[in-house]
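What follows is one structure encoded as structure tokens, with my remarks underneath.
The values are calculated or read from the model by the stated rules, or taken from the named source; none is laboratory data. Worth saying up front: this structure is predicted, and the values here are computed from it rather than measured. Virtual Cβ from ideal backbone geometry, glycine too; neighbours counted across all protein chains shown. Heavy atoms of the whole protein, side chains included, go into the accessibility calculation; ligands, DNA and RNA do not. Shrake-Rupley method; radii C 1.70, N 1.55, O 1.52, S 1.80 Å.
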Amino acid sequence: YKAILDAIPDLMFRISRDGEYLDFKGDGANLAVPPENIIGNNLRDLLPDDVANNSLHAIAKTLESQTLQSLEYQLSTPLGLRNYEARLVVSGQNEVLAVVRDITERKQAEIDLQNLAEKFSKAFRCSPNPITISTVEDGRLIEVNESFVKLSGYEPEEAIGRTTFELNIWVNQS
């Protein structure tokens, strides 16, 4: 079991029902507080109020429902502001095991993807050229821009879901 635990990069905390840290395993650089200040202390004393309250709620729900609970939160650490996902499972009569993963890179990737999608959407909508997005399988239109509407005469709701052949917009279908 020790080899398995050592191979898992996530932080792990055993926490009592009332929020006392009973044990932990993890890399000190990724902790919001020094490792020596964790065991025996309460999460209310070590975490911001909102994170502590959400954690206590998740602990109670885990113990009451006997099911996995998860929550995401953000903390300031020696590495800077970091995002975490905690998954809680029952590990004793009145305690949970919290497996905590740093998801900062995933969160940043989600933000980057959202920004890219917004840029694409703006370029698509504002282009003076008619643009359509269609399925590869049969060429059904998924999206059309305003320039397509002006050129073709079809409103988006008339065009989307149909093929360009069904709309008869080609001078020469071949």
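Looking across the range 58-106, the residues that are of a type in the set (Ser, Thr, Tyr), open to solvent by 50 Å² or more (accessible area, probe 1.4 Å) and in contact with a strand residue (DSSP E or B) (Cβ under 7 Å, 6 or more places away or on another chain) come down to 70, 91. Entry remark, the range 38-54: residues being within 25 Å of residue 109 (Cβ to Cβ) and either open to solvent by less than 30 Å² (accessible area, probe 1.4 Å) or small (Gly, Ala, Ser) (or both) number 1 in total. On the stretch given as the range 135-148, residues that are modelled with pLDDT of 95 or more and among the small types (Gly, Ala, Ser) total 1. As a summary of the residue check, residue 120 satisfies the conditions (1) at pLDDT below 95; (2) in a helix (DSSP H, G or I); (3) farther than 30 Å from residue 82 by Cβ except for the one numbered (3).
In the range 25-37, of all residues being among the hydrophobic types (A, V, I, L, M, F, W, C) and either modelled with pLDDT under 70 or within 19 Å of residue 6 (Cα to Cα) (or both), the one that is most open to solvent (accessible area, probe 1.4 Å) corresponds to 29. Looking at 137, 110, just one residue is out of contact with any strand residue (DSSP E or B) (no Cβ under 9 Å at 6 or more places or on another chain), open to solvent by 60 Å² or more (accessible area, probe 1.4 Å) and part of a loop (DSSP other than H, G, I, E, B), and that residue is 137. With respect to being at pLDDT 95 or above, out of contact with any helix residue (DSSP H, G or I) (no Cβ under 7 Å at 6 or more places or on another chain) and either among the β-branched types (Val, Ile, Thr) or surrounded by 14 or more Cβ atoms within 10 Å (Cβ to Cβ) (or both), residue 162 fits the description.
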